[in-house]
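The values are calculated or read from the model by the stated rules, or taken from the named source; none is laboratory data. Predicted model only: the values in this text are computed from it and were never measured. Positions of Cβ are backbone-derived with ideal geometry, glycine not excepted, and every protein chain shown enters the neighbour counts. Heads up: the accessible areas ignore ligands, DNA and RNA and are worked out on the full protein's heavy atoms, side chains in. Shrake-Rupley method; radii C 1.70, N 1.55, O 1.52, S 1.80 Å.
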Amino acid sequence: MRLPRLPRKPKVILRERPPEVVAPPGQYLTDKFPVLTYGPTPRIDLKSWRFRIFGLVEQEVALTWTQFTALPARAITADFHCVTQWSRLNNAWEGVAFTELLKLVGRRPEALFVMVHCYGGYTTNLPLATLTDDTVLFAYKHDGKPLPPEHGGPLRLVVPKRYGWKSAKWVNGLEFMGHNEAGFWEQRGYHMEGDPWQEERYSSDMLR
Ligand SMILES: Nc1nc2c(c(=O)[nH]1)N[C@H]1C(S)=C(S)[C@@H](COP(=O)(O)O)O[C@H]1N2
Ligand SMILES: [Mo]
């Protein structure tokens, strides 16, 4: 006998949502921290680790792990919203603010977009203006512990005001560009902006 297909429900339930907490529309809360990766977790050696910032900048750089971790640190607490509909609230992230890196390389007026590059080949695109506020950082710690490899360790981007796919794990490069280009998921129909409060999940082409 075939059972009817049930509508998809979250597997984990979650804590009672405090009244002052508002998750974006269409999201459910989880206390777990699911791992969402396309492909395997890359193996990364800190000795050969590099973070290149290149393209439309005044001064290109290639930072070693020692150089990167010597940069001024900053901590934020932020919610994380995956487009597959889970949200994990109050993540404590520690790392280096995007604005700190921008100071290093210098801004060129023609630079309007950034392509984020990762070990393993993943990419995601963001307008420069989305990255230049104090909520955006490159994190090497999560909830007080070194960022585990499956969550992007040694270093990941965190953009709390965008869906999780923009928070690229295992980052190794930022490419400053004059035009917008689609990253890995954006080429496959995800939204170019990805604002969870606007439910910018998929591009309108895909919904047609
Ligand atoms: N390099 C890389 N970064 C990535 C992904 C990926 O597959 N590769 N998945 C993205 C997606 S879809 C989400 S929701 C978050 C999930 O982060 P987590 O695995 O730490 O929960 O990572 C994002 N960053
Ligand atoms: Mo995701």
Given (1) over 18 Å from ASP133 (Cα atoms); (2) more than 14 Å from ligand 1 (Cβ to nearest atom); (3) in a strand (DSSP E or B); (4) not polar (S, T, N, Q), ALA75 misses just (1)
Can you find a residue in the stretch 65-72 that is among the hydroxyl-bearing types (Ser, Thr, Tyr), under 22 Å from ARG201 (Cα atoms) and either surrounded by 14 or more Cβ atoms within 10 Å (Cβ to Cβ) or more than 11 Å from ligand 1 (Cβ to nearest atom) (or both)? no
Looking at the stretch 121-145 only, could you name the residues that are surrounded by 14 or more Cβ atoms within 10 Å (Cβ to Cβ), more than 12 Å from the chain's Cα centre (by Cα) and among the hydrophobic types (A, V, I, L, M, F, W, C)? LEU128
Using the structure shown, decide if ASP79 is modelled with pLDDT under 95 and either among the basic types (Lys, Arg) or open to solvent by 30 Å² or more (accessible area, probe 1.4 Å) (or both). yes
Being among the polar types (S, T, N, Q) and either more than 14 Å from ligand 2 (Cβ to nearest atom) or open to solvent by 10 Å² or more (accessible area, probe 1.4 Å) (or both): is that true of SER167 here? no
Scan the stretch 179-208 and report the pairs whose first residue is at pLDDT below 95 and whose second residue is open to solvent by 60 Å² or more (accessible area, probe 1.4 Å), with Cβ atoms within less than 7 Å and a gap of 6+ or a chain change. SER203/MET192
Within the stretch 38-48, is even one residue closer than 30 Å to TYR202 by Cα, open to solvent by 60 Å² or more (accessible area, probe 1.4 Å), under 15 Å from the mean Cα position of the chain (by Cα) and within 16 Å of ligand 2 (Cβ to nearest atom)? yes
Checked the stretch 77-120 for anything over 14 Å from the mean Cα position of the chain (by Cα), more than 19 Å from VAL171 (Cα to Cα) and β-branched (Val, Ile, Thr); matches are THR77, THR84
Every residue from the stretch 108-120 that is within 21 Å of GLN67 (Cα to Cα) and surrounded by fewer than 22 Cβ atoms within 10 Å (Cβ to Cβ): HIS117, CYS118, TYR119
Quick check on PHE33: is it closer than 24 Å to LEU174 by Cβ and within 13 Å of ligand 1 (Cβ to nearest atom)? no
Which of the residues that make up the stretch 20-37 are under 21 Å from the mean Cα position of the chain (by Cα), over 20 Å from PRO154 (Cβ atoms) and touching a residue at least 12 places away in the same chain (Cβ under 8 Å)? ALA23, PRO24, PRO25, GLY26, GLN27, TYR28, LEU29, THR30, ASP31, LYS32, PRO34
For the stretch 38-72, which residues satisfy the criterion of being assigned to a helix (DSSP H, G or I) and either farther than 30 Å from ASN180 by Cβ or free of Cβ contacts under 8 Å to residues at least 60 places away in the same chain (or both)? TRP65, THR66, GLN67, THR69
